[in-house]
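The values are calculated or read from the model by the stated rules, or taken from the named source; none is laboratory data. Keep in mind it's a predicted model, so treat the numbers as computed, not measured. A quick note on method: Cβ atoms are made from the backbone with ideal geometry, for glycine too, and the neighbour counts reach across all protein chains shown.
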Amino acid sequence: MTRKVAVGCWLLVLLLAALAFSCGSQPQPQKTVAPTPAPPPAVGQMGPAGFPPAVLGKPYPGTGIVKVLNRKEGWVEIDHQEIKDLMPAMEMEFWIRDPSIMTRVQVGDKVDFVVVEDRKGQYLTHLKRVAAGR
Ligand SMILES: [Cu+2]
């Protein structure tokens, strides 16, 4: 009687051990490896689909509506129309290196602007209100 119980316990232990082993040896779900982000295209090499790469130093005129003005940091967000030979219509931020060009515009204004790209990136060289916002 005692021996039967002992054997039963031993079998149980074996069974548990086998279970534990089989669990432990099950293939682990593959960890999803974050894809390495592609390096940013070299400046001058980029161009949105259907658009040629920007020509460095070339002025590209555009038109849009001012969405955000950040005079402190020197950038403006513009909901712009297509910029011929540069990019499709979109809402985006542009750096401004000469803060004086943003003194006469307000959020909501329709503006004409000129964007230039150099080795450091794109920035606006001109920003002029053509119609006041509400
Ligand atoms: Cu854009």
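Identify all residues within segment 88-134 that are hydrophobic (A, V, I, L, M, F, W, C) and in contact (Cβ under 8 Å) with a residue 40 or more places away in the chain; write none if there are none. Even if it seems obvious, please write down each step before you answer.
Residues of segment 88-134 hydrophobic (A, V, I, L, M, F, W, C): 89-90, 92, 94-96, 101-102, 105, 107, 111, 113-116, 124, 127, 130-132.
Once the filter is applied, which keeps residues that are hydrophobic (A, V, I, L, M, F, W, C) and in contact (Cβ under 8 Å) with a residue 40 or more places away in the chain, segment 88-134 yields V107, V111, F113, V114, V115, V116, L124, L127, V130.
Given the structure, is W75 of a type in the set (F, W, Y) and touching a residue at least 24 places away in the same chain (Cβ under 8 Å)?
Values: of a type in the set (F, W, Y): yes; touching a residue at least 24 places away in the same chain (Cβ under 8 Å): no.
For W75, the condition - of a type in the set (F, W, Y) and touching a residue at least 24 places away in the same chain (Cβ under 8 Å) - is not met.
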Practice task
Considering every residue within segment 85-92, establish whether at least one is loosely packed, with under 14 Cβ neighbours inside 10 Å and away from the ligand (no atom under 12 Å from the Cβ).
Solution key: yes
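The rows are residues; the columns are (1) over 19 Å from G50 (Cα atoms); (2) in a helix (DSSP H, G or I); (3) in contact with a Pro (Cβ under 6 Å, 6 or more places away or on another chain).
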| residue | (1), (2), (3) |
| --- | --- |
| E77 | yes, no, no |
| W95 | yes, no, no |
| I101 | yes, yes, no |
| V114 | yes, no, yes |
| Q122 | no, no, no |
Problem - Search result, residues across segment 124-134 that are surrounded by 13 or more Cβ atoms within 10 Å (Cβ to Cβ) and part of a loop (DSSP other than H, G, I, E, B) - result: G133
Handout entry: Meets criteria (on the phi > 0 side of the Ramachandran plot and modelled with pLDDT of 95 or more) for G74
Key = yes
Practice task
State all residues of segment 50-75 that are farther than 12 Å from Q122 by Cβ and outside any loop (DSSP other than H, G, I, E, B); if no residue qualifies, say none.
Solution key: P61, T63, G64, I65, V66, K67, V68, L69, N70
